[in-house]
Structures are given as structure tokens and as C-alpha cells.
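For reference, the structure is listed below as C-alpha cells.
Nothing in this text is a laboratory measurement; each read-out follows from the coordinates by a stated rule. Here the structure is a predicted model, which is why all the values come from computation and not from measurement. Quick reminder, even Gly has a Cβ in these numbers, built from the backbone with ideal geometry, and neighbours come from all protein chains shown.
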Amino acid sequence: MARAIWSGTISFGLLNVPVRLFSAVARRNIALREIRESDSSRIKHKRVAEGTDEEVPYENIVKAYELTPGQYVPLTKDEMSALAPEKTRAIDVQDFVDIEEIDPMYFDSPYYLGPADGAEKAYSLLAAAMESSGKAAISRFVFRNKEHLAAIRASDGVLTLTTMRFHDEVVPPSELDDALPDKKPKVAKREQQMAEQLIDSLSTEFEPDAYKDEYREQLLALIEEKAEGKEIVAPEAEAPKATKAPDLMAALEESIAAVKEKGGSGDGDGAKAAKPKKAAKAHKSKTGKSSSKSKGSKSKSKSSSRSKAKASK
């Protein structure tokens, strides 16, 4: 049975829904230890005072803010505790917004919300109302001694909560100094059309299980081979060369041709790349009516896009 990591109450208006918080992520990291290469002795890190080998007990360590190099403002544990947010058990809903209006950069960690014992009906009511509205509830709550901003959403009768970054935690592009060009280079209309055609030819429906952590799988395979005593020869990694401006059109045309060729060759990667878009699921509009395209209009739009592609060539 899943173990709740927090419990509280969603509160908005006069409605209070007791809920439990569950992690929605299972980390698959591979734990690696630090050892001395010569004899495999474990490496341990100690807290020592700078300039000495004296180990400092944890209870003698305090937090401090560095004003200038070497000048600190120490903050005691009691002073820090006095500033800590009040440990309430409320998830206070502040606003309901369209989920499409939230830039994904603001999202942080996902969780599931489940009903507390006896709150099943209120939970189902809230989930159904939110799913029908298509809105997300922007909320505040205290979790692990820190105040969090969060977005609560509903899907298939289940509420999810995703912690969010505050506005001043997201770096705006204007603060990237010279990392971005001052003036946007002029893009030819033909180049943009070709790029859009390439994007369209590689477009498909998002399927999460189609994407695997290849680095993790390779690392596990490497560990197994080394454990069996096999000699490993590391291949030389070659970084892809940037496409020069004069070669953009040629690169785009070759890319589109390669996608088409793979799509007809029956090779696995190409088959996925050239896979046609699946029909979008019927979704509810703000008026509550569901909208979906008929097969006839689909085939009509496909033939239209093909003729456009031919014309662009």
C-alpha cells in the first residue's frame, strides 16, 4: 500500500477536503560510492574548520550569510526557527487558472493527492468539478518546513499536486546578458517553411513509455561487464558539428528526405518518426461540449497537406 508523506486539507471558499499526499515519482538513480582507486577503501567526508584538520561536531555548526569575503552574519537555529513558516495543514487555494497559461518552467515536483478516510465523496466532487472546468488551482501550503506554491489538477477522477517555482526563481531571458543575440537574424520564409515541414514529418502523439533512460541502461551494462571481468574500451565521443547558415536549406531537405526514406524502409526508428498522428482525444471546451474531427475531415486535411508539401518543393 502506498505510504502518505503528508496529510492536510484543501480549502477554498467554505469547502474543506481532507487529503493525503503521495509521491508521484520513483527515482531510478544508480548509487555510486567514492573509493580510493589503489585499495578500494571507502572515502568519507568530514566537516572540518578551514585551515585546520579539526572535525567540527554537527551541534556546533550554525548557518551564516556572507556579506563580504570572510565577513559573515551568523544565524542561530532558534532565530531560523522563528522565521520558519507556520506549520499549518491547509492547502489554501488562491486562484483557478487555465492550465495552458502556466509556463512549464514554473513546474517542479509532482505528487498525487488522495482522499483522507471519510472524505471520498468530497474528494470525488472536487475532482469532477475541476476536471470539467479544465482549471488548475493555484495554492500555497507548508511542506517540509518550507512554504510552497503549487498547482492542483484533476485527471480521470484523480487530483495531482505539482509544486511550483516562485516568479523570482525563474531567470528571465533578459538576464542572460550576451548568451542570446541582440538582434534576431533574418530567416527566409522558404527556410522556415522547410523547418516546419521537418517538424511536421517528425510529429507524433506523446507516449511516455517510448522514452527510456539510455544512459542508465548503458551504465548498468557497463557495471555488469566489469563485474564479469571483461575489458572495456571506451569509444571516442564526437560532438555533432553545427550546421552553417549557407547549408541550412540543404540540411533541411536532406533531413526531410531521410525521414521519408526511413518511413518506407520499415526500420524501427524511422517507423516511429514517420508514424501518423493519432486522433486527438475529444476534449471538453469551456461550454462543456466535446469536440472531435471526423475521419472524413482528417483524410481531407492530410491530402491537403500533401499537396502543399508537393507545391513547396
Exercise. Which FRET efficiency value, to the nearest 0.05, is calculated for residue 89 and residue 225 with the Förster distance at 51 angstrom and r the Cβ-Cβ distance?
Worked result: 0.50
Exercise. Packing-wise, with mean Cβ within 10 Å as the measure, how do 73-81, 92-100, 5-13 rank, highest first?
Worked result: 5-13, 92-100, 73-81
For this session: Can you tell me how much longer the chain between residue 258 and residue 39 gets when fully stretched, taken as 0.36 nm per residue apart minus their C-alpha distance, in nm with one decimal?
Result: 73.7 nm
Problem set entry | Two-site FRET efficiency, residue 248 against residue 217, from Cβ-Cβ distance with R₀ of 51 Å, rounded to 0.05 | 0.90
For this session: Would you mind ranking 62, 233, 259 by Cβ crowding within 10 Å, fewest neighbours first?
Result: 233, 62, 259
Problem set entry | Contour minus Cα-Cα distance for residue 125 and residue 58 (0.36 nm per residue) | 19.3 nm
Exercise. For the cross-link pairs 44/226; 183/260; 186/241; 184/241, which exceed 26 Å when the distance is taken from alpha carbon to alpha carbon?
Worked result: 183/260
Problem set entry | 10 Å beta-carbon shell around residue 162, net charge (K/R +1, D/E -1) | 0
